[in-house]
Amino acid sequence: MPGDRPTTSETPHRSGGLLSNPANLGIEGGRSVLYLPNFITVCCSTPRSLPLTPTLTSGRRRTIFNSEVLVQIQESPQPKWKNLQNRRLQIWGGEMTAKGTLCPAPFPNFVTQYPDLIARLKATEAFEGSPHGVPNHIIMNEYEAGQGIMPHEDGPKYHPVVATLSLGTHCVFHYYRYSDDASSTTPHGAENSGTGRSIDRTPVLSLLLEPRSLVISFGDMYTAHLHGIEDTFEDHIKSPVDLGGDSDSPANAVHIGNWDLLQDQKLKEMITRGEPLLRSTRWSLTCRDIPKVSTNLQRLRGF
Ligand SMILES: O=C(O)CCC(=O)C(=O)O
Ligand SMILES: [Fe+2]
């Protein structure tokens, strides 16, 4: 079972780069997760020709900040999208076969040039122990308000480090543990993972992912935990003043482990005032390294 695999993921190297900044390492509980706010700045991600202010467009397009990546995503033609039941996505860097081999394809220019996302991810040193030293595969998920992703593991076909860039609206990202590895039943307060193992419904860690932030999961948070996003239209976050338990927060208010790292003053003020955070469209770029990559020769031979 994935959670029983030995932890081959090596803690991202922390001697330099972005991860050397102690301010980046302040996730509560010392979990194997790094949260980097403003990984892409509005300034760097906004071509001069585009307005800095949010624009309102029609249809699936929503009020968002303009960035080159978002413009390109929104302009991409229908055939680039895969439609799933509760969201749609694009795959960049090539398709992975059922056996976990990447048939490589070039990344779109806008993720390698403006901004150079791959170089920035390399600079974090999170992928130093990975076979290619950088991600070679990106899944770009699009979530409308009310959409999420069920608790799941990313699995052993990837090198066990995943970096996710959030664009558009915020989201609340939960990490879960299996409730009883030995049990095949689903105890109270747990749900089944679809793999026969039960999941404890109370997250071990929840993070508020701000727009343009990067979250990196590694170590046992990759190999032995699950992650997911609830399919909700609004998120209620506990403000630090609530933490004594003496508050008016709704019962479903979430305690987040990265309050001290948050940079978005507007979001923080809303949370402090006890206001829910309304979701809009969010795009996430989930960046990973697939160790096995097919060569042209293998491809010609059909593997
Ligand atoms: O959208 C996210 O932040 C998570 C996506 C994810 O977990 C995945 O693509 O495996
Ligand atoms: Fe995932």
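The values are calculated or read from the model by the stated rules, or taken from the named source; none is laboratory data. All values reported here derive from a predicted model rather than from experimental measurement. Don't worry about glycine lacking a Cβ; one is built from the backbone with ideal geometry, like all the others, and counts go over all protein chains shown.
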Restricted to region 269-298, and to residues that are more than 30 Å from PRO240 (Cα to Cα), modelled with pLDDT of 95 or more and of a type in the set (A, V, I, L, M), which residue is farthest from ligand 1 (Cβ to nearest atom)?
VAL293
Every residue from region 71-90 that is in contact with a helix residue (DSSP H, G or I) (Cβ under 9 Å, 6 or more places away or on another chain) and in a strand (DSSP E or B):
GLN90
In region 100-117, residue surrounded by the fewest Cβ atoms within 10 Å (Cβ to Cβ) [restricted to those that are under 24 Å from PRO160 (Cβ atoms) and touching a residue at least 24 places away in the same chain (Cβ under 8 Å)]
GLY100
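Rundown of residues vs (1) under 29 Å from PRO108 (Cα atoms); (2) out of contact with any Phe, Trp or Tyr (no Cβ under 6 Å at 6 or more places or on another chain); (3) of a type in the set (Val, Ile, Thr); (4) crowded, with 17+ Cβ neighbours inside 10 Å, yes/no style:
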{"position": "PRO211", "(1), (2), (3), (4)": "yes, yes, no, yes"}
{"position": "LEU214", "(1), (2), (3), (4)": "yes, no, no, yes"}
{"position": "PHE218", "(1), (2), (3), (4)": "yes, yes, no, yes"}
{"position": "GLU230", "(1), (2), (3), (4)": "no, yes, no, yes"}
{"position": "SER239", "(1), (2), (3), (4)": "no, yes, no, yes"}
{"position": "HIS255", "(1), (2), (3), (4)": "no, yes, no, no"}
{"position": "LEU262", "(1), (2), (3), (4)": "no, yes, no, yes"}
{"position": "GLU269", "(1), (2), (3), (4)": "no, yes, no, no"}
{"position": "TRP283", "(1), (2), (3), (4)": "yes, yes, no, yes"}
Return the pair list, or none, for Cβ contacts closer than 9 Å from residues in region 269-287 that are within 15 Å of ligand 2 (Cβ to nearest atom) to residues that are assigned to a loop (DSSP other than H, G, I, E, B) and small (Gly, Ala, Ser), at least 6 apart or on different chains.
ARG282/ALA145; CYS287/GLY93
